[in-house]
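To start, the structure under review is shown below, and the notes come after it.
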Ligand code: ARG
């Protein structure tokens, strides 16, 4: 990575080391370095307040004397052009041309890998996301976990971690007893096969209505679930079939979104791993009897009481999460075990992670709940039962259709363009989702998701396509020459063609991309990458509007192409991390 901060820290270290009684090391200097909001105050600034006490000198005076010393020792033609004191600050000004060239060299050396790192090497990170309940519709509320998790997995992988993508399907519980009974009583195989989730949902609702009048149905359902738990052939086969048919529908949506998983081991997978958890909880003295049920009392931590088994002995969601965590540790030996699950389940996660800790597992703190806010509808709360629901597949379909219409207005829609429309329409939906801070609730709006103006996916994709078209206009010979120029003769110095503010602004944003990726991973917040992608796209558009790139002078043209190639790589890498594809033409 281009490490200007360290270079500056070393410059500051010089005069500090020469003063007796002041103990400030490089790390402390690095931490104190600021990026001024107003570039008139330099590209970097170092505040001298903290040196004042040890030196018994006013910070303004220190800034003045240090700036003078550092400034007079600066090499000519280097990255740092000027050092100036202003108040208590030492301001550092970069040489635009030298800086831009260094950034381009750095990007070209890494290309597809630009922004990646090896920090995660040898460590396994599990990212669990999406995890829908089978036999329930996949609606717009599910998009958050799915794309936030998918993107975090990409980001962790880019940082060198060995990533496992897990889908903890909600495929177990008493509701499957109800489904089995409903299907036996009034179901049809053809209907299920034709529209699995819709049909199963209908059965489920119908079951509830009929059970109101005839409570014996509930007993029958309990018996069916007990049979399923025992592994009786008929019940097991039906359940497997429901699961498979539902999964087909989910997979269609995942394919559209470009989302994949390494494992679909859902709740049912842990059903035979439950006894061990119960035994262990009991042996460690954590279980309490309460009206025939078993609980862990968590009042001490203000987490209420966690219900571990019901009075009929059946286990619960939380028990399966405890079993899953233990299994994952033993099976994957994870470094971090990340759960991308709605903030509504905050208490659930706090409870079971605390229980795992109380069981004596030190790795409990490596289980991390990454919460996100709710999606509301303009028409109020989403409710499958009341039919107030927006299906994700419909949203994706409409977004693609709208894109196709826009293309058709300009002429016929070719096969290639059909694919482009898919990239743009679906990319728009994903991008919008990842543009929001994940903790915030938001209201789903068709208008907003289908608007391609402003800070949207299509806008960023367009800058990529624009860069691609500039490169193809320039031709292969020039593009190769640019790559050659920056990689073979990187002896520092400038190219002479990056003197404007726009080139500088763009190069700064490109240079900041690796830090952005690292920050997104640290905060589990893909929107940091999304916003940075918008910033780069805007800076790139300012650059090519302002400057002619394909000029007659070949050496100027080639030098500038380097910056275009770099912007294109940065945008591509950012979008790829978000799971948004990049059309070459738009
Ligand atoms: N299936 C659950 C739901 O739809 C989400 C599962 C979250 N993951 C977990 N390990 N508890 O609400």
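Relative contact order for the chain using alpha-carbon pairs under 8 Å, separation at least 6, rounded to a whole percent? List each step's numbers first, then the result.
On the way: 922 pairs, mean separation 99.7, N = 586.
It comes to 17 percent, rounded to a whole number.
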- Using the count of nearby Cβ atoms within 10 Å as a rough guide to exposure, how do 216, 566, 145 rank from fewest to most? 216, 145, 566
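Within the P(r) computed for the range 375-415, what percentage of the Cα pairs occupies the region above 17 Å?
Values: 405 of 820 pairs.
More than 17 Å apart: 49 percent of the Cα pairs in the range 375-415.
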- Using alpha carbons only, how many degrees (0 to 90, rounded to 10) separate the axis of helix 415-435 from the longest principal axis of the chain? 90 degrees
- Could you work out the Kirkwood radius for the range 428-586, taking every pair of different alpha carbons, averaging 1/r and inverting it, reported in Å? 16.6 Å
- For the chain, give the share of DSSP beta bridges that are antiparallel, in percent and rounded to the nearest 5; count only bridges with both residues there. 55 percent
- Message: Need the full-extension length gain, residue 240 to residue 209, defined as separation in residues times 0.36 nm minus the C-alpha distance. One decimal, nm.
- Response: 8.7 nm
- Message: Helix 513-522 against the longest principal axis of the chain: what's the angle in degrees, Cα atoms only, rounded to the nearest 10?
- Response: 30 degrees
- Task: Note the angle between two axes, namely the Cα long axis of helix 233-257 and the longest principal axis of the Cα atoms of the chain, as a number of degrees from 0 to 90, rounded to the nearest 10.
- Result: 20 degrees
- Given Cα pairs under 8 Å that are at least 6 residues apart, what percent is the relative contact order of the range 426-479? 40 percent
- Item | Relative exposure of 480, 100, judged by other C-beta atoms within 10 Å (fewest first) | 480, 100
- Item | Distance histogram for the chain (every C-alpha pair counted, 20 angstrom bins, percent rounded to whole numbers) | 17, 41, 29, 11, 1
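How long is the gain from residue 446 to residue 86 if the chain were fully straight, where each residue apart is worth 0.36 nm and the alpha carbon distance is subtracted?
Details: separation 360, 0.36 × 360 = 129.60 nm, distance 5.07 nm.
This chain segment gains 124.5 nm when fully extended.
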- Note on the structure: By the C-alpha gyration tensor axes a ≥ b ≥ c (rounded if a/c is under 1.5, else prolate when a/b exceeds b/c, else oblate), the shape of the range 17-172 is prolate
- Can you tell me which of 336-343, 23-30 comes out highest on packing, and rank the rest after it, using the mean Cβ neighbours within 10 Å? 336-343, 23-30
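Please report the relative contact order for the range 187-307, taking Cα pairs under 8 Å with a sequence separation of at least 6, and give it as a percent rounded to a whole number. Each step should come with its number before you reach the end.
Working: 51 pairs, mean separation 16.7, N = 121.
In percent, rounded to a whole number, it is 14.
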- Fewest-first ordering of 444, 540, 186, 66 by Cβ atoms within 10 Å yields 186, 444, 66, 540
- Query: Based on the mean of other beta carbon atoms within 10 Å per residue, what is the order of 119-128, 356-365, 200-209, most packed first?
  - Reply: 119-128, 200-209, 356-365
- So what is the calculated 222 nm ellipticity per residue for the chain, using -39500 (n - 2.57) for each DSSP H run with n of 4 or more, over all residues, to the nearest 500 deg cm²/dmol? -18000 deg cm²/dmol
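Each reported figure results from applying straightforward, stated rules to the coordinates on display, with no laboratory input. This one's a predicted model, so the numbers in the text were calculated from it and none came from an experiment. Methodologically, a virtual Cβ is constructed for each residue, glycine included, from the backbone with ideal geometry; neighbour enumeration extends over all protein chains shown.
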